[in-house]
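Just so it is clear, none of the values below were taken in a lab; they were calculated from the coordinates. From a predicted model like this one, the values you see are computed outputs, not experimental measurements. Ideal geometry is used to build each Cβ from the backbone, glycine not excepted, and the neighbour counts take in all protein chains shown.
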Amino acid sequence: MGRPKKSEGMRVVEQLNKLLDAPAEWDERELLVLDSIRKAADRGALLADLLTIEGAKEPVSTRRITELAAEIRQCEANVLRWSATLNPDTTVPEQKSLRHQQAANTRWRN
């Protein structure tokens, strides 16, 4: 008995976890995003397997191949878009320029 094979989604999440520095952790929102990324990557891997099966059938259904390919592309796009929302460097808050601070204070007071 060997170790169970890691899913594609778990491999993607592990790669994203490597971006974090040692003491940093993902916040709750980011954990939800990571879960969505894992699910989309797993779904994309399953669809890729189905695409391989469909491609081996005789006669090949071009309609089904096109549908599966579109779904795979959508899953990949989702993973990339959601990955871009993660910010592993949030330990240092972004500083506002003095000019932006003064403008905000002016708006707040008037």
Tell me, please, whether a residue that is in contact (Cβ under 8 Å) with a residue 24 or more places away in the chain, of a type in the set (Phe, Trp, Tyr) and part of a helix (DSSP H, G or I) can be found in segment 59-82.
yes
Could you tell me how many of the residues in segment 40-58 are outside any helix (DSSP H, G or I) and of a type in the set (Lys, Arg)?
1
Restricting attention to segment 31-52, and to residues there that are buried (at least 16 other Cβ atoms within 10 Å of the Cβ) and of a type in the set (Lys, Arg), which single residue is farthest from residue 6 (Cα to Cα)?
43
How many residues of segment 27-58 are without any contact (Cβ under 8 Å) to a residue 12 or more places away in the chain and of a type in the set (Lys, Arg)? The answer is 2
Out of all the residues in segment 53-66, is one or more among the aliphatic types (A, V, I, L, M), under 19 Å from the mean Cα position of the chain (by Cα) and surrounded by 11 or more Cβ atoms within 10 Å (Cβ to Cβ)?
no
Enumeration of residues in segment 1-30 that are assigned to a helix (DSSP H, G or I) and exposed (fewer than 12 other Cβ atoms within 10 Å of the Cβ):
14, 15, 28, 29
